[in-house]
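Let me begin by presenting the structure, written as structure tokens, before commenting on it.
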Amino acid sequence: MESEGMILSSNIYNDFHLNPIGMGTNAVGNPSNNPISDEESQHMIVKALELGVNFFDTAYFYGFGHSEEVLGEVLKKTNARHKVLIATKGAHRREGTDIIVDNDPKFLEEEVYKSLKRLQTDYIDIYYIHFPDDKTPKYESVGALHRLREKGIIREIGVSNFTLEQTEEANKDGHLDVVQDEYNLLSREKEEKFIPYLRKRDIGFIPYYPLASGLLTGKYTKDTEIPEKRRKNPNFTTKYLENLRKIETLKQLAREKECQVYQLVLAWYLETDFIDAIIPGAKNVNQIIENQKAKEVTLTRNEFEEINALFR
Ligand code: NAP
């Protein structure tokens, strides 16, 4: 993992040591998605800080600003803002009950200022365009973020859920620093063309869904009732039994190494050279504690390759 080379490309981060296991906060302050109280969300962030987590990934879309608010509140109370990196994202506009994806440069600029307020900060370490729209030239959207970077308001510019072509367009002027996209042991298509493109240009990569939304934790069995919102996801349907068989093999290795499957999986990402940091999500304090322990798991070259081959 080349954490301090890519994502932390700027000199301002010289004294900063990134904990490569950050915290994904799409379950925080997002009651429509997950029934977690603000109090529990705050506990999770406080515990994460105590454990040395210094990279938080949020977005306007998570609770329509409330995830940012909860994070901002805790960082303020604990006086931790300057000890952590905050990544947030924007591109969603609410119009009545509709949610519209918008990459208009002026709109994105306004969204950045709103995020600053909710996060109670005067700068954002990484600002991602959360999703592409189908009308704005992507270099114009990135251009707006670049101007904010020149003012010191944003430190790194990212895109998320962009195709390779859209990423190339976004990076036309070379302003892109980091990409966040779906990637995990069960979804490795990006390795073919996308990752080589990023690596060639020193653009960082942060995968989302590192635990495949919980499937790669090892807690699912053939009898598990699949949560409603996963029932259209092939990993939980058509590929489910095949995935479980692979995870069964991981369980054996985890037993031998006296760790948990999710720790083995996260440790594998930590050894993967094109991944800059990981941001597993959590729904309770215990998951935060358990996921941080992945740093204690070391994989031999053979073990790394064994897992690699299993999920090829
Ligand atoms: P994930 O990290 O693959 O899975 C997280 C889920 O797995 C948790 O919510 C929890 O769900 C379960 N889990 C985590 N640790 C566990 C443990 N130790 N033991 C048992 N279960 C555990 O998926 P994600 O949270 O959706 O994605 C990670 C982060 O990426 C998000 O929080 C968000 O910041 C970001 N993200 C970005 C985008 C984007 O469009 N850019 C999209 C999705 C996510 P259960 O308890 O319900 O099983």
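We did not get these values from a lab; they are worked out from the coordinates using the rules stated. Everything quoted here is computed from the prediction, not taken from an experiment. Note that we place each Cβ from the backbone using ideal geometry, even for glycine, and neighbour counts take in every protein chain shown.
Annotations for the structure displayed:
- Qualifying helices (runs of 4 or more DSSP H) (wholly inside the range 120-218; at least 1 residues being within 24 Å of Arg93 (Cα to Cα)): 138-150, 164-170
- One residue stands out among those in the range 92-124 that are closer than 16 Å to Thr136 by Cβ, of a type outside the set (Lys, Arg) and touching a helix residue (DSSP H, G or I) at 6+ places or on another chain (Cβ under 7 Å): the one that is surrounded by the most Cβ atoms within 10 Å (Cβ to Cβ), which is Asn103.
- Scanning the range 173-197 for residues that are surrounded by fewer than 23 Cβ atoms within 10 Å (Cβ to Cβ), touching a helix residue (DSSP H, G or I) at 6+ places or on another chain (Cβ under 8 Å) and more than 19 Å from Leu215 (Cα to Cα) turns up Asp173, His175, Lys193, Phe194, Tyr197.
- Output for the range 193-250, where each listed residue is polar (S, T, N, Q) and within 16 Å of the ligand (Cβ to nearest atom): Ser213, Thr217, Thr221, Thr224, Asn233, Asn235, Asn243
- Taking the range 151-161 as the range and being under 13 Å from Phe205 (Cβ atoms) and either within 10 Å of the ligand (Cβ to nearest atom) or surrounded by fewer than 19 Cβ atoms within 10 Å (Cβ to Cβ) (or both) as the test, the residues that pass are Gly158, Val159, Ser160.
Each row is one residue, and each column tells you yes or no for (1) crowded, with 20+ Cβ neighbours inside 10 Å; (2) in contact (Cβ under 8 Å) with a residue 60 or more places away in the chain; (3) under 21 Å from Gly24 (Cα atoms).
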residue: Leu241; (1), (2), (3): no, no, no
residue: Asp273; (1), (2), (3): no, yes, yes
residue: Gly281; (1), (2), (3): yes, yes, yes
residue: Lys293; (1), (2), (3): no, no, yes
residue: Thr300; (1), (2), (3): no, no, no
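- Residues of the range 16-41 satisfying the condition of being surrounded by fewer than 19 Cβ atoms within 10 Å (Cβ to Cβ), without any contact (Cβ under 8 Å) to a residue 60 or more places away in the chain and in a helix (DSSP H, G or I): Asp38, Glu39
- Any hit, the range 35-52, residues being touching a Phe, Trp or Tyr at 6+ places or on another chain (Cβ under 9 Å) and within 24 Å of Pro132 (Cα to Cα): no
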